[in-house]
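Chemist: The structure's right below; bear with me while I get my questions together.
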Amino acid sequence: MRVSVFCSSAPDIPKSALDLAFEVGQAIGTQGWDLVWGGGAASMMGEVAKGARSKGAATIGVIPEQLKSVEFEDSEASTMHVVTSMRTRKAKIEDLSDAFIALPGGIGTLEELFEIWVGRFLKFHSKPVIVLDPFDLYAPLATLIDHLEEHGFVKPGQRELLHWAKSIDEALDIAAGSK
């Protein structure tokens with residue numbers, strides 16, 4: 001099983017977010033699963049990979065050539081796919097992964113989350129898409145999605161394909177298909 005984690009590469013974020021990323025990586029490794037991620041060593045991206053490796057997981061990175069110095073390509077990755085663009089990166093991550101977990105992040109994380117969620121709805125894949133939000137950072141997003149659904153802009157069946165979890169264990173249960 002390979003789990004993709006979308007998360008922040010920003011430098012100035014709370015330590016609690018960095019700790020969450022490390023713990024998610026550890027939990028993936030403890031399950032005997034492997035991590036697929038954006039290949040960066042910075043911020044949460046680096047922490048999730050360190051956590052996974054600390055429990056023996058393979059870490060499979062996908063990084064665009066142009067971002068190797070921005071996100072600081074993780075030299076300890078088990079495998080690193082260097083690609084030409086963000087679109088190529090996202091497609092490769094989708095192909096390599098069996099489930100997707102979004103942690104706190106900015107516009108890049110949101111873009112990855114929305115693209116993979118839309119792909120699920122359009123039946124390009126049938127893999128679980130999970131938002132792990134123990135700090136309620138995405139609570140306004142959940143409210144917005146509810147609001148859009150109330151007004152007919154989020155179609156029936158779309159909301160149910162995006163799973164929300166408050167704990168790492170809950171997110172991994174959903175990823176494994178046991179919830």
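The values are calculated or read from the model by the stated rules, or taken from the named source; none is laboratory data. Everything quoted here is computed from the prediction, not taken from an experiment. We place every Cβ from the backbone using ideal geometry, glycine too, and count neighbours over all the protein chains shown. Heavy atoms of the whole protein, side chains included, go into the accessibility calculation; ligands, DNA and RNA do not. Shrake-Rupley method; radii C 1.70, N 1.55, O 1.52, S 1.80 Å.
Chemist: Give the residue that is nearest to Pro104 (Cα to Cα), with candidates limited to residues of the stretch 4-30 that are β-branched (Val, Ile, Thr) and open to solvent by 10 Å² or more (accessible area, probe 1.4 Å). Walk me through it before giving the result.
Modeler: We begin by selecting, within the stretch 4-30, every residue β-branched (Val, Ile, Thr); these are 5, 13, 24, 28, 30.
Add one more test, that the residue is open to solvent by 10 Å² or more (accessible area, probe 1.4 Å), and what stays is 13, 30.
Working: Ile13: 10, Thr30: 22 Å.
This residue is Ile13.
Chemist: Now, a different point. List, please: which pairs have Cβ atoms under 7 Å, are six or more places apart or on different chains, and start with a residue in the stretch 134-151 that is closer than 18 Å to Cys7 by Cβ and end with one that is loosely packed, with under 14 Cβ neighbours inside 10 Å and of a type outside the set (Gly, Ala, Ser)?
Modeler: Between residues of the stretch 134-151 that are closer than 18 Å to Cys7 by Cβ and residues that are loosely packed, with under 14 Cβ neighbours inside 10 Å and of a type outside the set (Gly, Ala, Ser), the close pairs are Pro134/Lys166.
Chemist: Could you please tell me which pairs satisfy a Cβ distance under 9 Å, a separation of 6+ or placement on different chains, a first residue in the stretch 26-53 that is modelled with pLDDT of 95 or more, and a second residue that is open to solvent by less than 10 Å² (accessible area, probe 1.4 Å) and of a type in the set (Lys, Arg)?
Modeler: Listed pairs, sorted by first residue: Gly38/Arg89; Gly39/Arg89.
Chemist: How many of the residues making up the stretch 38-59 are outside any helix (DSSP H, G or I), on the phi < 0 side of the Ramachandran plot and in contact with a Gly (Cβ under 6 Å, 6 or more places away or on another chain)?
Modeler: 2
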